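For reference, the structure discussed in these notes is given below.
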Amino acid sequence: MRIAYLTGEYPRATDTFIQREVMALRDKGVEVQTFSVRRTGDEHIVGPEQKAERDRTYYILPVNPAFLLLAHLTLLLSSPTRYLSALKLAWTTRQPGLKGNFYQLFYFLEAGILAYEIRNRQIQHLHNHLSDSSCTVAMLAAALGGFTYSFTLHGPYIFFEPYRWRLDRKIERALFVGCISHFCRSQAMIFTPMEKWDRLHIIHCGVNPDLFDPVDSNTPGQQLLYVGRLAANKGLPILLQSIASLQSSHPEITLTVVGDGEERAILEQMSLQLGLQKRVKFVGYKSQAEVRQYLQQTEIFVLPSFAEGIPVVLMEAMAARVPVVATQIAGVSELVEDGISGYLIPPGDPISLAKRIEILLDDCQLRSRFGASGRLKIEQEFNLNQEVERLYCVMSSALQGKIEPIRPKIQDCQKEFKTTAT
């Protein structure tokens with residue numbers, strides 16, 4: 001199988017789950033060629049994995065005007081009817097307003113370059129991650145090039161503006177949609193006719209448990225860890241308030257913040273105002289190997305988000321047997337079982353967050369029990385290799401016109417891989 005992968009910007013330090021998925025497919029014999037609308041900035045190249053992927057990725061922007069003209073003329077002359085049909089699709093799915101018209105024009109032009117490249121490389125199928133602008137480009141490229149496309153639906157942002165991004169048409173025209181959780185699939189079902197629900201499949205993002213060494217839970221609990229973007233939806237001010245309330249009873253408590261983003265300056269200033277300058281350390285983006293090292297040095301992983309899909313960083317912490325405290329939103333409860341592998345708290349509640357952190361700080365046996373349960377959950381339901389096998393099973397079956405269950409059995413997918421390899 002020869003397929004293309006598209007995102008708006010690849011490979012970002014925050015989207016390591018996409019990179020892992022691509023590499024796992026390649027390890028299983030699938031030829032995956034990566035495409036991206038924009039070239040990734042150097043701030044995202046935090047490890048050898050990102051550098052290798054950036055070097056082998058085709059970037060649509062910046063555009064060479066002569067090549068742009070060649071691509072669109074070739075597509076127009078090879079099939080005028082298809083080209084005009086794609087142009088009509090672009091017009092009917094545009095965002096409202098003059099600005100929306102201009103953006104759609106740019107997406108259509110970018111889609112022509114992508115379609116031209118995919119046809120020239122004789123790629124069978126295009127798969128897109130994330131459902132906003134890059135998925136618009138993918139949908140239009142498939143219409144221009146006459147090939148199939150699919151996408152992985154994550155959330156949460158796409159569910160804030162589903163009509164602006166025409167999620168309904170994207171699902172309607174896709175060969176299949178990979179939904180990262182039951183919650184995500186239920187949101188997609190709102191915009192999908194009942195007779196087409198069978199093309200919405202649950203395929204988790206995942207991690208490789210073998211990469212994560214177990215954390216020693218018998219040490220005194222003092223070290224907290226957060227990994228992720230420094231953005232408003234992540235709820236970090238709630239975490240800082242919780243730590244401020246705990247510092248008198250736990251004078252050795254510290255928090256390491258791995259990640260970067262538009263809220264960093266605000267959060268650093270807030271930590272100073274709360275008197276946490278010696279307790280909170282902002283270390284910026286780190287490589288995948290460095291994140292695993294930070295997990296080895298922590299007792300509790302905390303993610304106080306207001307909006308999420310199913311965070312891969314929670315999977316990584318649980319794979320390392322680190323107990324987690326997270327908010328009960330979206331599909332998080334499908335990963336973290338409250339009182340079994342971690343604690344789930346109401347979003348935006350610093351008092352509940354502080355109480356749960358304190359319980360774990362004071363009870364190493366509970367941390368050990370939560371850590372073991374979390375590791376088992378990852379091995380059984382969020383194992384990268386198993387989820388990639390499901391993705392391959394759904395994709396290959398869809399390309400052959402077959403319909404798989406919404407979550408195929410892993411044994412059937414393994415048979416499919418072996419048959420293909422043979």
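Structure values in brief
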| read-out | value |
| --- | --- |
| Value of D in µm² per second that Stokes-Einstein yields for the stretch 128-284, Kirkwood Rh from Cα pairs, at 25 °C (0.890 mPa s) | 130 µm²/s |
| Cysteines having no other Cys beta carbon under 4.7 Å from their own, within the chain | Cys135, Cys205, Cys364 |
| Over 21 Å (Cα to Cα) - which of Lys51/Lys281; Lys51/Lys377; Lys377/Lys409; Lys170/Lys377; Lys355/Lys377 fall in this group | Lys51/Lys281; Lys51/Lys377; Lys170/Lys377; Lys355/Lys377 |
| Percent RCO, i.e. relative contact order, over the chain, from Cα pairs under 8 Å lying at least 6 residues apart | 15 percent |
| At 1.306 mPa s and 10 °C, Stokes D of the stretch 277-422 from Kirkwood alpha-carbon radius, µm² per second | 93 µm²/s |
| Helix-only [θ]222 nm of the chain, DSSP H runs n ≥ 4, -39500 (n - 2.57) each, per residue, nearest 500 | -14500 deg cm²/dmol |
| Fully extended contour minus Cα-Cα distance, from Leu399 to Lys99, at 0.36 nm per residue | 104.4 nm |
| Gyration tensor verdict on the stretch 208-300 (Cα atoms; rounded if a/c is under 1.5, prolate if a/b is larger than b/c, oblate otherwise) | oblate |
| Computed E for Asn120/Leu211 - FRET, C-beta separation, R0 41 angstrom, nearest 0.05 | 0.65 |
| Cα→Cβ-extended label distance, 7 Å offset, between Asp362 and Arg164, nm | 4.5 nm |
| Gyration tensor (alpha-carbon) shape descriptor, the chain, a/c threshold 1.5 | prolate |
| Spacing of the two label points (7 Å from each Cα toward its C-beta) at Ala66 and Tyr157, in nm | 3.6 nm |
| Cubic angstrom per residue, convex hull over Cα atoms of the stretch 318-362 | 68 Å³ |
| GNM flexibility winner over the chain from Leu84, Leu98, Leu130 (Cα, springs under 10 Å) | Leu98 |
| Model label zone, Thr92; criterion: amide N under 18 Å from point 7 Å along Cα-to-beta-carbon; scope the stretch 127-146 | 136-146 |
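Rule-based calculations on the coordinates, nothing more; no lab input. None of the values given here were measured: they were computed from a predicted structure. Note: ideal-geometry Cβ built from the backbone for every residue, glycine included; neighbour counts use all protein chains shown.
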